[in-house]
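Have a look at the structure below, then the notes.
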Amino acid sequence: MDKICATCAHFRRHYIKMGRRYDPIHSGHCVYPRGKLRYEETPACKHYKEKTGS
C-alpha cells in the first residue's frame, strides 16, 4: 500500500452538501501535529500512521 494521505489515520476527508446528502471530495486536512490542508494523493509526511479497521 502506498504511503499517501488518504491511507493515513490522521487524514480527515472533507465533504460537500449535495441536496440532502454529503459527498466526499478529494481534499481534507491532517490533524497531527496540527491542522494542514492535504489532498488524498499527497505523499505522506514523517507522521504517517496507517489506518486500521474500516
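Rule-based calculations on the coordinates, nothing more; no lab input. Since this is a predicted model, take the numbers as computed values, not measurements. Neighbour counts run over all protein chains shown; Cβ positions are idealised from the backbone, glycine included.
Tabulated values for the structure
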read-out	value
Pairs, first within 14 Å of TYR15 (Cα to Cα) in the stretch 26-40, second assigned to a loop (DSSP other than H, G, I, E, B), C-beta under 7 Å, six or more apart	HIS26/GLU40; GLY28/GLU40; HIS29/GLY35
Complete set of residues in the stretch 15-41 that are within 8 Å of the chain's Cα centre (by Cα) and either closer than 16 Å to LYS51 by Cα or not polar (S, T, N, Q) (or both)	GLY28, HIS29, CYS30, ARG38, TYR39, GLU40
Residue check, LYS46 under 11 Å from the mean Cα position of the chain (by Cα) and loosely packed, with under 13 Cβ neighbours inside 10 Å	no
Members of the stretch 13-34 that are among the charged types (D, E, K, R) and loosely packed, with under 11 Cβ neighbours inside 10 Å	LYS17, ARG20, ARG21, ASP23, ARG34
